[in-house]
Structures are given as structure tokens and as C-alpha cells.
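Structure first, then comments.
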Protein chains: 2
Amino acid sequence: MNDQYGREPNFERAVPPGDNMERSVCSECGFVDYQNPKIVVGSVTTWNDKILLCRRSIEPRSGFWTLPAGYLELHETPEVGAKREAQEEACASIEIDRVLAIYSIPRISQVQIIYRATLKQDEIAAGPESQEVKLFPWNEIPWTDLAFPSVDWALRHYREVINAEQFSPFSNPQEGL
Amino acid sequence: MNDQYGREPNFERAVPPGDNMERSVCSECGFVDYQNPKIVVGSVTTWNDKILLCRRSIEPRSGFWTLPAGYLELHETPEVGAKREAQEEACASIEIDRVLAIYSIPRISQVQIIYRATLKQDEIAAGPESQEVKLFPWNEIPWTDLAFPSVDWALRHYREVINAEQFSPFSNPQEGL
Ligand SMILES: [Zn+2]
Ligand SMILES: [Zn+2]
């Protein structure tokens with residue numbers, strides 16, 4: 001799985017003792033690869049009426065615009081993870097307001113927790129995974145250059161509750177499941 | 001990691017090529033164990049004013065009362081996972097209403113998505129992981145025999161929004177982080 005030792009694990013499907021499902025088991029060393037769904041945390045972050053987007057400098061979808069978001073790390077709360085991603089990708093210090101949406105992409109076993117957030121100050125800059133970061137007024141959002149469908153969903157869902165104090169988090173739009 | 005092959009993987013900490021963090025790497029075969037936070041999905045499910053609880057038949061906390069909840073499987077949405085857990089643990093067919101809470105237990109890298117739900121019919125029975133399942137009126141909830149702190153949190157949070165249509169999901173109570 002990496003070339004550090006010049007060897008490759010050799011996985012086969014088998015039911016580990018005490019389990020009730022087939023898993024990937026390494027036939028070399030017996031390691032069981034318990035794969036789990038992955039959690040992405042991110043935010044629709046605003047400064048006044050403008051929305052923070054980051055133009056990706058890495059694959060997949062390099063050159064396209066996305067929300068500051070990424071994988072939750074071990075021992076991290078989702079809120080802390082969303083703040084860290086804004087810091088890493090846009091050098092942005094953000095304040096979490098509330099949960100905007102929980103999306104899921106079952107095909108790739110991903111659950112996304114997206115917060116509504118605000119910038120603490122008007123200072124942003126591209127981090128290593130961004131070519132460019134920018135605050136967009138609604139009518140200038142680059143809709144056709146968004147990196148992922150869930151970026152589109154989150155922006156539109158954000159707009160629906162822009163003046164709402166209390167709301168239930170959105171999930172995937174009907175056409176998005 | 002299991003005894004199926006009579007061998008044990010031999011993990012050491014190393015930074016895989018292209019990565020920026022130490023991970024567990026098997027010195028036998030080079031497998032990188034990218035550990036991720038785990039997602040638990042569950043529900044506070046009611047029938048009229050009574051709340052469904054399950055008395056655990058498995059460790060940890062065998063004999064104590066819990067909500068129907070468990071790990072999200074690969075390629076499963078959180079809503080489908082919460083329904084599956086209610087079915088498995090209480091033979092209960094449930095309807096998801098909305099997200100009640102997102103709790104996180106960073107010590108064990110766990111994120112819990114707990115829904116508010118209702119039983120579709122008044123038919124429940126203990127599944128293989130439950131000794132007993134029961135619908136409790138609020139004033140008979142076995143507070144001192146709950147399996148986990150987050151069960152207590154979810155019940156009290158449920159109570160706070162019992163008549164609310166729109167509300168933001170709760171997160172860990174102050175004393176619970
Ligand atoms: Zn191996
Ligand atoms: Zn190995």
C-alpha cells in the first residue's frame with residue numbers, strides 16, 4: 001500500500017473470528033482492515049454578505065472552487081476540525097454558528113458535517129491546498145466552476161436560512177441521493 | 001491483530017510518503033493503517049409519550065440501558081444506519097423526524113449523529129444485542145442504569161425540544177466535553 005518497505009500488503013476477503021461480515025484481511029500478517037465511513041467537516045463562512053470560497057490547488061478538481069472542508073482527524077471534534085480546515089485552506093479564523101447540513105455520499109462512504117460560520121476578521125490568504133481564496137457576493141459565485149455537488153448544495157441551503165435563527169440541518173437534496 | 005493466520009501485524013509509527021503525519025505502518029508488509037474517527041448513528045425513538053430503550057446483552061456495559069445506536073456501515077447514509085440499528089436492536093421499524101444532536105467523544109475519536117424518531121407501530125422485541133427492550137414514560141427512565149453519558153444527554157436534549165418543530169441539533173453539554 002506504500003513503497004516505504006518495497007512490499008505490498010496482500011489483502012483477501014475473509015470473515016474475522018467474532019465478526020459477522022467479510023472484511024479485507026492481509027494474508028501476509030493477518031491485519032484486518034476495518035474500513036469505516038469517513039467524516040468531512042467544513043463550513044459556509046461569511047464576512048458581511050460575502051461567502052468564502054477556495055480555489056483548489058490539488059487533485060481531485062484542482063482549479064475549481066470549494067468550501068473550506070476536509071477530513072476530520074482522530075481525537076478532534078467536528079467543530080474544531082471545521083475551524084482547522086478554514087485555517088489551513090484560507091488562513092481564516094472562523095466562528096462556528098450552527099450546523100447547516102449533514103450530507104452523505106454513500107457511494108464513497110462519506111458523511112459531511114457543514115457548519116454556518118463567520119470570519120472573525122477580514123483576513124484571508126491561500127493555504128497550501130488553495131491557489132486562491134476569495135469572498136464572493138451571492139451574484140458572483142462561480143456556479144459552473146464549483147468543485148463538488150455538495151458545495152452547490154451547501155451554498156443554496158445556506159441561502160435558504162440566511163435570516164433564520166433556528167433551523168434543522170439540511171440533508172442531500174432529493175436529486176442528490 | 002487476529003489469530004486467523006497465527007501471526008500478528010507489527011506496526012510502527014512512520015510518516016508515509018506524501019503524507020505529513022505519523023501513521024501506524026506495518027513493518028512486515030508496509031500497510032498504512034489510516035485510522036479515522038468513527039460515526040455512530042442512533043435515535044431517541046418514541047411511541048406516544050414513551051421512549052424506546054434497550055438493555056444491552058453485550059459488553060461494554062452489558063445489562064445497562066441504551067438507545068438503539070451503532071456504527072455506521074460502509075455505503076450507508078446516517079438515516080438508513082439509524083433505522084437499521086433500531087431494527088437490529090429492538091426489532092423496531094422507525095420513522096426519522098430530524099437530527100436531535102451531534103455529539104463527539106474525541107478521546108475515542110467518535111462522532112454520534114442522533115435522530116428524533118417515532119415508532120411506526122407498537123411492536124418491539126429484543127434483538128441479539130439486547131436482553132430486553134421497553135418503552136419508558138419519562139418519569140420511569142432508569143437514569144442510574146444508563147449505559148453511556150451520551151444516552152443521558154440525548155434523553156434530556158430530547159425533552160428540551162419535545163414540542164419544537166425547528167431546532168438546531170444539540171452538541172455535547174458543557175460538562176460533557
Ligand atoms: Zn500485511
Ligand atoms: Zn502487515
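Laboratory data are not the source of any read-out in this text; all were calculated from the coordinates shown. Just so it is clear, the model here is predicted, and its values are computed rather than measured. As a convention, Cβ positions derive from the backbone with ideal geometry for all residues, glycine included, and neighbour counts pool all protein chains shown.
Long-range amide H contacts for A:Lys38: which residues qualify at under 5 Å (H placed 1.01 Å from N, peptide plane, sequence gap of 5 or more or a different chain)?
A:Gln110, A:Val111
Given a cut-off of under 8 Å on Cα pairs at least six residues apart, what relative contact order in percent is computed for segment B:80-177?
Numbers: 118 pairs, mean separation 29.5, N = 98.
Computed value for segment B:80-177: 30 percent relative contact order.
Between the label point of B:Arg23 and that of the same position in each other copy, find the distances and list them shortest first in nm, with every label point placed 7 Å from Cα along the Cα-to-C-beta direction.
Taking the point 7 Å beyond Cα along Cα→Cβ, the inter-copy spacings are 1.8 nm.
What's the center-to-center distance, using Cα atoms, between segment A:44-123 and segment B:131-149 in Å?
If you average the Cα positions of each part, the centres end up 38 Å apart.
Applying 1/(1 + (r/R0)^6) with R0 = 35 Å to the Cβ-Cβ distance of A:Arg61 and A:Asn20, what FRET efficiency is obtained, to the nearest 0.05?
0.40
How many lysine pairs does the protein assembly as shown hold where the Cα atoms are under 15 Å apart and the two sit 8 or more places apart or on different chains? Write down the numbers at each step before the final one.
Numbers: A:Lys38/B:Lys38; A:Lys50/A:Lys120; A:Lys50/A:Lys134; A:Lys83/A:Lys120; B:Lys50/B:Lys120; B:Lys50/B:Lys134; B:Lys83/B:Lys120.
Going through the protein assembly as shown pair by pair, I get 7.
Tilt of helix A:78-90 relative to the longest C-alpha principal axis of chain A, in degrees (0 to 90, nearest 10)?
For helix A:78-90, the angle is close to 70 degrees.
Please compute the Kirkwood hydrodynamic radius over the protein assembly as shown, one decimal place, Å, based on all pairs of different Cα atoms. Let's see the in-between values first.
Numbers: mean 1/r = 0.0455 Å⁻¹.
Radius from the Kirkwood sum: 22.0 Å.
If you line up the long axis of helix B:149-160 against the longest principal axis of chain B, both from Cα atoms, how many degrees apart are they, to the nearest 10?
Compared with the principal axis, the helix lies near 40 degrees.
Taking θ = phi - 60°, what integer Hz values does the Karplus form 6.51 cos²θ - 1.76 cosθ + 1.60 yield along segment B:56-65, in sequence order, with x for Gly and Pro?
Listing the rounded values in order: 5, 10, 10, 7, x, 6, 4, x, 9, 8 Hz.
Sorted from shortest, what are the nm distances separating the label point of B:Glu132 from equivalent points in the other copies, each placed 7 Å from Cα along Cα to C-beta?
Its label point is 6.6 nm from the equivalent points in the other copies.
Would you pull out the residues with amide H under 5 Å of A:Phe31's amide H, same chain only if 5 or more places away, H placed 1.01 Å from N?
Long-range HN contacts for A:Phe31: A:Cys26.
Quick one: net charge around A:Ser168, please, counting Lys, Arg +1 and Asp, Glu -1 for every other residue with C-beta under 14 Å from its C-beta. Don't skip to the end; give the middle numbers.
Numbers: positive: A:Arg98, A:Arg116, B:Arg98, B:Arg116; negative: A:Glu160, A:Glu165, B:Glu79, B:Asp97, B:Glu165.
Charge balance in the 14 Å sphere: -1.
Nm distances between the label at B:Ala164 and the same-position labels in the remaining copies, 7 Å along Cα→Cβ, shortest first?
List, nearest first: 1.4 nm.
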